[in-house]
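The values are calculated or read from the model by the stated rules, or taken from the named source; none is laboratory data. Just so we're clear, the structure is a prediction, and the values are computed from it rather than from any experiment. For neighbour counting, all protein chains shown are included, and Cβ atoms are generated from backbone atoms with ideal geometry for every residue, glycine included. The area values use the complete protein model at the heavy-atom level, side chains included, leaving out ligands, DNA and RNA. Shrake-Rupley method; radii C 1.70, N 1.55, O 1.52, S 1.80 Å.
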Number of protein chains: 2
Amino acid sequence: MAKVTIKDVARESGYSIATVSKALNGVDVVKETTKNKILEAAKRLDYSPNLMGKQLKSGSTQTLGFFTSSVTGPYFSILIDALANFSEKNGYGLNVFISSDRDKIMNTIRGRLVDGALLFDTIINDDDIEQFNNERISSVFLDRKISDGSTSSIVFDSQGAGRAIGNYLINLGHRNIAYIAGYDDVYDSELRFAGLKQALNDHGLVFEPHNRLAGMFEEEASYNAILSFLRVARLRGYELPTAFVAGNDTSAIGAIKALRHEGLNVPEDISVVGFDDIDVAEYFNPPLTTIRNPIMAQARGAVEILLSLLQGEQDIPSQVLPGELVIRKSTSNIPS
Amino acid sequence: MAKVTIKDVARESGYSIATVSKALNGVDVVKETTKNKILEAAKRLDYSPNLMGKQLKSGSTQTLGFFTSSVTGPYFSILIDALANFSEKNGYGLNVFISSDRDKIMNTIRGRLVDGALLFDTIINDDDIEQFNNERISSVFLDRKISDGSTSSIVFDSQGAGRAIGNYLINLGHRNIAYIAGYDDVYDSELRFAGLKQALNDHGLVFEPHNRLAGMFEEEASYNAILSFLRVARLRGYELPTAFVAGNDTSAIGAIKALRHEGLNVPEDISVVGFDDIDVAEYFNPPLTTIRNPIMAQARGAVEILLSLLQGEQDIPSQVLPGELVIRKSTSNIPS
DNA sequence: TACTTTTTTAAAAACGTTTTTATTTTTCTG
DNA sequence: CAGAAAAATAAAAACGTTTTTAAAAAAGTA
């Protein structure tokens, strides 16, 4: 019961390997009657082609690879589902690789296990990208802006989102706004922060450095950050901010819980906004005001760009997607 | 700047292809000094082996495939992440294939693109499984109980979970319990229902057929189902249930919203329990009492079984995992 | 030193395909 | 009906590896 190969089909049908291959792949030089005989033989033996052989010879896998260090969080579910759909619509399969091992990632990409790569949160550096260019490997980054030869990108306008939130809060009358940052080395968080500061500056306001706390993108870290922030503020007599902008929804939730624990109501006493619009945001009490990433648009755009790259287009400019402000109940006018 | 192959490394180093291959793969028949020379040459040319060639020859890809029709929902994030981790720990990569196209799935599995398959929510039928057995393809199902040759499974004890919830509610004093079902053809939902009925029977109670409503596993469908159920109950003078068991958390949420809309409080007037323990369950108001799937245990078990299968073990019995009752605030004693 | 054994390297076969080139068969033309 | 053209099939090369077998070089041995 060994695996049946094209050779077996050739023997069974009485034709050569070459004609069998052509018949099976619909190359139209083969006569109708022999084609049928071959198809029957293949069916009789229940032949299924070995994809390695096929791909090795043809040089193409007809699959796109999505590389990421993790898939936890609702963002990925939606993104991956969408990527798979758009890929399939264009005749490509999607393959998801979860790894933070740079060498492994480079091996699978350079080893031609996929025709093109979609990259998120991977430690691919500039040298690697140069290598992609040298070897004409097409890739699209989803988390960093770059455009160089056969690699391009499609990212959120994090800074614009920060600015939008800043403007929204300022319009509500807030003047003293705090920021709950993520990890220091997360570029995204910094961009959002920069946007917020920019909005402040545009209105002739300044961001007080002591108003920046470290939330680490986690609920508990954010909870604790708020607690110690409040303690320090009382100690030194800082005026409390009227609004907190969190680096993501999870830390916004932590912040609200901490504020409530300290007897402060959201949004009556203090407004809080998040980033991302995760599932929970809508159901939390109070429902979170936040910025939503246009995930579908990003997925569609990423696949489109990658496909163009695959067709030989070069230096496709990076695309920047605006976020969408979702106003719910965790923000309100400044209490007068 | 064409792709550099092992041939190029052979030329560059002055050795034959065979020795280069051995040097690169650490086969220890090659002399230390030549090995070094070859390694240097490879580095100089920045050689990266073509994985198709490698895999075609070796017959193994060192990857496990996870096949699913979709990845939406928090369950998958956790499951996939865990599967990837456990695979990696055992020297295998994990590849996620999202497709509901049976032929495509069978092609990639039979085409030997992966060494073994983890299957969830795919339309693989019994003939296909027989084919796996014929071709000695190892596979593990995560959503249906089966044990046959080189295919096995690891699933939740849905019926046991239903029973557990039933017992819990009965102990709280509930006697009149309703069930909000999913789709009729979802085996899982039926098992849960059967478990619930069993618990009732065990206590000498009966399930009233009119107490089964169709929630479709969706928030809105469940919302509407409750509304019309309430209307009919009032019309016909049925006594209202004191507890609703929903087929999943999402429909539990829809149910609670509908009950609240009708002026009924949860859990004061009516208890509601869900299934799955999705993220939102904890943050919803009131926090949901539900049953949690031991996703990590399932992932670990699935990989372990698949690995054993890959090593030639046969007829591994199906594993059944018990769910964990998570008691929160959506259930209470029956009002006396 | 001359032979044998061991170590090291090279050549060739193989994995399962597709594609290019060559050969055979069929059909057309005058 | 003979020859040329067209159609259909077969043979061989190729994709990039690893592995098996063969050959060469080095090291022992007497």
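Report yes if A:S330 is crowded, with 17+ Cβ neighbours inside 10 Å and more than 14 Å from chain B (Cβ to nearest Cβ), otherwise no. Show your work before the answer.
Numbers: crowded, with 17+ Cβ neighbours inside 10 Å: yes; more than 14 Å from chain B (Cβ to nearest Cβ): no.
In short, no.
Kindly indicate the residue of the range A:7-28 that is in contact (Cβ under 8 Å) with a residue 12 or more places away in the chain and more than 10 Å from DNA strand D (Cβ to nearest atom) and also most open to solvent (accessible area, probe 1.4 Å) among those meeting that condition. I'd like the intermediate steps shown before the answer.
So the first thing to find is which residues in the range A:7-28 are in contact (Cβ under 8 Å) with a residue 12 or more places away in the chain, and the list is A:8-9, A:12-15, A:19-21, A:23-24.
Checking which are more than 10 Å from DNA strand D (Cβ to nearest atom) leaves us with A:8-9, A:12, A:24.
Details: A:D8: 41, A:V9: 0, A:E12: 82, A:L24: 59 Å².
Ranking the qualifying residues of the range A:7-28, first place goes to A:E12.
Looking at A:D121, A:D115, A:D126 in this structure, which one is at negative phi and away from DNA strand D (no atom under 16 Å from the Cβ)?
A:D126
Could you identify the single residue in A:I105, A:I98 that is at the interface with another protein chain (Cβ under 10 Å from one of its Cβ atoms) and among the β-branched types (V, I, T)?
Numbers: A:I105 fails: at the interface with another protein chain (Cβ under 10 Å from one of its Cβ atoms).
Sole residue among the options that is at the interface with another protein chain (Cβ under 10 Å from one of its Cβ atoms) and among the β-branched types (V, I, T): A:I98.
Listed here are the residues, each with its yes/no results for (1) open to solvent by 10 Å² or more (accessible area, probe 1.4 Å); (2) in contact with a helix residue (DSSP H, G or I) (Cβ under 8 Å, 6 or more places away or on another chain).
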| site | (1), (2) |
| --- | --- |
| B:M216 | yes, yes |
| B:G237 | yes, no |
| B:A255 | no, yes |
| B:H261 | yes, yes |
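Specify the residue that is farthest from A:K54 (Cα to Cα); the eligible residues are those in the range B:29-73 that are open to solvent by less than 30 Å² (accessible area, probe 1.4 Å) and more than 11 Å from chain A (Cβ to nearest Cβ).
Out of the qualifying residues, it is B:T34.
Modelled with pLDDT of 95 or more, out of contact with any Gly (no Cβ under 6 Å at 6 or more places or on another chain) and open to solvent by 40 Å² or more (accessible area, probe 1.4 Å): which single residue out of A:N171, A:N176 fits that description? Give the derivation first.
Values: A:N176 fails: open to solvent by 40 Å² or more (accessible area, probe 1.4 Å).
Checking each option against the conditions leaves just A:N171.
Could you check how many residues of the range B:125-153 are among the aliphatic types (A, V, I, L, M) and either more than 20 Å from B:D188 (Cα to Cα) or within 14 Å of chain A (Cβ to nearest Cβ) (or both)?
Step one: list which residues in the range B:125-153 are among the aliphatic types (A, V, I, L, M), which gives B:129, B:137, B:140, B:142, B:146.
Still in the list and also either more than 20 Å from B:D188 (Cα to Cα) or within 14 Å of chain A (Cβ to nearest Cβ) (or both): B:129, B:137.
Here the count works out to 2.
One line per residue, one yes/no per condition, for (1) under 23 Å from B:S77 (Cβ atoms); (2) outside any strand (DSSP E or B); (3) touching a residue at least 24 places away in the same chain (Cβ under 8 Å); (4) open to solvent by 60 Å² or more (accessible area, probe 1.4 Å):
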site	(1), (2), (3), (4)
A:V266	no, yes, yes, no
A:E282	yes, yes, yes, yes
A:P287	yes, yes, yes, no
A:A297	yes, yes, yes, no
A:V303	yes, yes, yes, no
A:L306	no, yes, yes, no
A:L309	no, yes, yes, no
A:E313	no, yes, no, yes
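Hey, could you check the range B:1-29 for residues that are outside any helix (DSSP H, G or I) and hydroxyl-bearing (S, T, Y) and say which is farthest from DNA strand C (Cβ to nearest atom)?
Just the residues of the range B:1-29 that are outside any helix (DSSP H, G or I), to begin with: B:1-5, B:14-16, B:25-29.
Retained after the next criterion (residues that are hydroxyl-bearing (S, T, Y)): B:5, B:15-16.
On the way: B:T5: 12, B:Y15: 4, B:S16: 4 Å.
Restricting to residues being outside any helix (DSSP H, G or I) and hydroxyl-bearing (S, T, Y), the top hit is B:T5.
Residues checked against (1) free of Cβ contacts under 8 Å to residues at least 12 places away in the same chain; (2) among the β-branched types (V, I, T); (3) outside the structural domain of B:V303 (by TED's automatic domain parsing):
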site	(1), (2), (3)
B:T34	no, yes, yes
B:A41	no, no, yes
B:D103	yes, no, no
B:N107	yes, no, no
B:G116	no, no, no
